[in-house]
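Data block below; observations after.
Here, each number is a calculation from the coordinates, and none is a lab measurement. Because the structure is predicted, anything quoted here is derived from the model rather than measured. Reconstructed Cβ throughout: ideal geometry from the backbone, glycine too, with neighbour counts over all protein chains shown.
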């Protein structure tokens with residue numbers, strides 16, 4: 001059984017005494033604030049009013065994650081080129097093009113009745129710490145010294161930036177249209193798993209006659225992709241010229257496949273404690289520092305612990321003294337690509353409802369390191385930012401993005417959830433949560449559980465939103481679907497809700513075109529449901545085991561078919577194939593780090609997917625359709641496709657055998673000729689190694705401090721304990737939380753590699769090994785227990 005709780009310590013933990021207590025004076029505070037940091041790096045903030053609570057949260061977050069916040073600021077403001085040079089100019093143009101330009105007062109008021117005060121106080125706290133560091137630059141984190149820069153001050157506009165949001169599908173729309181142009185809509189529907197559908201001709205993928213398919217193969221979304229791409233640090237221009245250009249398409253495909261989450265709730269009659277329980281583990285890119293940041297906020301009207309992103313006030317996932325909540329991605333479709341005819345006499349006019357309409361044009365100045373600033377032109381149609389102009393054909397393209405509406409800053413609406421005490425209050429809070437689309441789950445001490453899908457969902461009455469359409473007025477959004485009309489449940493009769501990015505909507509859902517058509521493979525959700533329905537009451541130990549479960553449902557389906565294929569070929573099999581077959585026959589389908597069979601299976605599945613992809617996906621669309629859904633692959637090998645050969649069953653069996661032979665060959669090359677040494681989790685196979693963004697900028701000694709791993713891992717991308725599909729785990733849950741509402745001090749959590757981004761801080765990587773072994777630490781809620789595990793106490797006083 002996996003470890004339930006592991007407490008990492010070097011030697012004996014020493015409780016915080018007067019020697020680790022500090023008093024700090026901070027200009028802007030109204031009353032004293034106490035900040036107790038526990039031995040796992042969580043800051044528990046005790047304030048006497050809203051302003052001081054969130055000012056302290058900003059100050060503490062900046063003290064732990066200053067460089068992370070500075071990069072966030074530069075991406076939000078479109079000032080990366082100022083630091084890294086002209087290679088980042090298009091990113092900055094894209095960031096400015098897609099900047100929120102609505103009414104800031106209305107925007108700041110959306111997230112909470114006092115959200116303007118909260119956001120401004122949070123910014124004050126970040127800036128208070130930045131001011132200290134600018135006055136004592138020798139104390140700055142090493143990244144600032146390496147890059148020879150200083151952190152700059154924040155504004156509320158940075159907090160409400162959408163640049164880091166999990167947005168939507170405009171990239172898929174363009175690729176869908178390209179595929180339709182090349183091989184037709186029917187072929188795309190055959191390959192892609194669009195669901196749920198009522199008929200075989202759903203969804204409608206036809207192109208309007210004014211959308212010329214042959215024109216869609218240009219870099220139409222270049223500026224959009226530039227600002228959405230992750231920031232990579234390349235040391236100098238000479239090296240940049242030798243480094244391959246960033247492959248946005250491959251990165252996007254990895255994100256689509258791996259960014260997701262699991263969450264589930266059970267009612268008290270399914271729990272050993274008799275109280276509702278909740279589990280959540282968001283799956284995002286692995287990094288150092290991590291995306292998530294734990295905090296505990298306590299003031300009149302506030303008592304909430306959990307995690308969010310360090311750039312945001314409040315807690316996105318966690319609990320207060322009555323209720324807990326969590327999230328996973330729910331597929332809404334809040335982007336569309338519009339194609340316009342422009343005036344041959346005036347390229348700054350486009351046709352709308354039969355008349356020429358002027359573009360809105362803005363000028364902006366982008367500063368560039370080592371060069372003169374550049375004046376850039378930003379253009380907008382009535383629908384949104386212009387991303388591409390085709391002057392020779394009198395065309396332009398613009399993106400309509402629902403997330404540019406008021407109230408679409410990612411996760412900020414959780415401020416209302418932080419104070420919810422009942423399911424009804426929680427649902428009301430959910431109605432303000434517009435980005436990203438989420439499955440919000442809820443469990444409280446009073447015995448209630450619930451699920452509410454959230455997200456801004458445009459109503460499309462005459463098209464699916466899956467391909468570009470003309471911007472001439474015939475394809476308009478008819479407002480947004482009220483969030484409370486999205487799927488939801490309260491206290492379901494079955495006593496649980498499970499979401500894992502799988503489809504949760506019925507086939508006859510009204511306003512079908514307001515939500516997504518593609519969803520995650522349901523294998524994770526099915527496995528969670530299987531365990532929850534195993535006939536026993538669940539404990540936190542059971543939740544911990546399930547949250548890090550490595551059973552592959554795909555392996556459980558395919559391995560028996562593989563064994564049959566091998567038995568049919570037994571006369572020809574080599575000794576290695578025979579040994580691999582014996583291991584697979586005895587295997588429990590768990591992708592555990594110490595399993596040799598797991599290594600063989602995962603490599604075999606990889607080889608099988610490659611071959612089936614090549615057999616079924618036409619060569620001319622492979623640039624635009626990079627991954628065949630696992631659902632399609634499994635269906636097509638269990639019931640063999642005619643593409644496999646004249647005798648599909650025989651051909652399928654030969655394909656299975658040859659894929660195993662290729663897998664053995666690949667493992668021989670990677671792990672050596674001794675199959676007994678092919679354990680799945682090892683440095684040469686499945687592992688985790690975290691490389692700091694500035695690793696190449698520092699010497700060996702510093703590199704050894706800031707880079708972490710490798711450590712062995714298990715799992716892959718389609719198990720509950722999702723670890724992504726690459727040998728080095730690049731995605732999955734760095735943060736996890738488990739809650740039993742009987743007693744908030746029983747809460748368990750993790751956050752890899754640690755709370756701090758400072759390699760000299762004890763909390764830089766203190767959780768990394770614990771996390772890699774699928775362990776947890778206790779997240780205490782009561783002040784007496786928190787004090788018992790304190791490693792530092794700050795008293796923040798007004799100046």
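A few points about this structure:
- Relative intensity, log₁₀ I(q)/I(0), of the range 192-293 from a Debye sum that treats every alpha carbon as a point, q = 0.10, 0.15, 0.20 Å⁻¹: -0.62, -1.01, -1.22
- Using C-alpha pairs under 8 Å with a sequence gap of at least 6, the mean separation divided by the residue count of the chain gives a relative contact order of 21 percent.
- Cα shape, the range 642-770, gyration tensor, a/c 1.5 rule: oblate
- Sorting the segments 681-691, 590-600, 196-206 by their mean number of nearby beta carbons within 10 angstrom, highest to lowest, gives 590-600, 681-691, 196-206.
- The range 26-69: radius of gyration over Cα atoms, expressed as a fraction of 2.2 N^0.38 Å: 1.16
- Between the alpha-carbon centres of the range 168-221 and the range 403-460 there is a gap of 31 Å.
- Zone residues, the range 357-394, relative to residue 623, backbone N less than 19 Å from point 7 Å out along Cα-to-Cβ: 388-390
- Along each principal axis, Cα extent of the range 153-193, largest first, Å: 52, 18, 9
- Length gained when the stretch residue 647-residue 459 is fully extended (0.36 nm per residue, less Cα-Cα span): 63.0 nm
- Given their separation in residues at 0.36 nm each and the Cα-Cα distance between them, residue 30 and residue 760 gain 259.6 nm when the chain is fully extended.
- Packing-based ranking, highest mean first, of 603-613, 496-506, 731-741 given that Cβ atoms within 10 Å are counted: 731-741, 496-506, 603-613
- Using a simple spin-label model with pseudo-atoms 7 Å out from Cα toward Cβ, residue 526 and residue 428 lie 4.1 nm apart.
- Neighbour counts of C-beta atoms inside 10 Å place 322, 288 in the sequence 322, 288, starting with the fewest.
- Sites residue 374 and residue 511, calculated FRET efficiency, Cβ-Cβ separation with R0 56 Å, nearest 0.05: 0.80
- Taking other Cβ atoms within 10 Å as a rough exposure proxy, 430, 20 sort from fewest to most as 20, 430.
- Cα convex hull of the range 34-148 - mean projected area over all directions, nm²: 9.1
- Each residue, residue 135 and residue 367, gets one label point 7 Å from its Cα in the Cβ direction; the gap between the two is 2.3 nm.
- For the chain, the 222 nm mean residue ellipticity estimated from helices alone, with every DSSP H stretch of n ≥ 4 adding -39500 (n - 2.57) and the total spread over all residues, rounds to -9500 deg cm²/dmol.
- Chain lengthening between residue 726 and residue 485 when straightened (0.36 nm per residue, less Cα-Cα): 82.9 nm
- The mean sequence distance of close C-alpha pairs (under 8 Å, at least 6 residues apart), as a share of the length of the range 529-632, puts its relative contact order at 22 percent.
- Euclidean distance of C-alpha centroids, the range 608-670 and the range 463-514, integer Å: 33
- Shown here is the pair-distance distribution of the range 461-584: with all Cα-Cα distances grouped in 10 Å bins from zero up to the longest one, the shares run 9, 24, 22, 20, 15, 8, 2 percent.
- Estimated FRET transfer efficiency when R0 is 25 angstrom, pair residue 683-residue 705 (beta carbons, to 0.05): 0.85
- 356, 794, 264 arranged by Cβ crowding within 10 Å, fewest neighbours leading: 356, 794, 264
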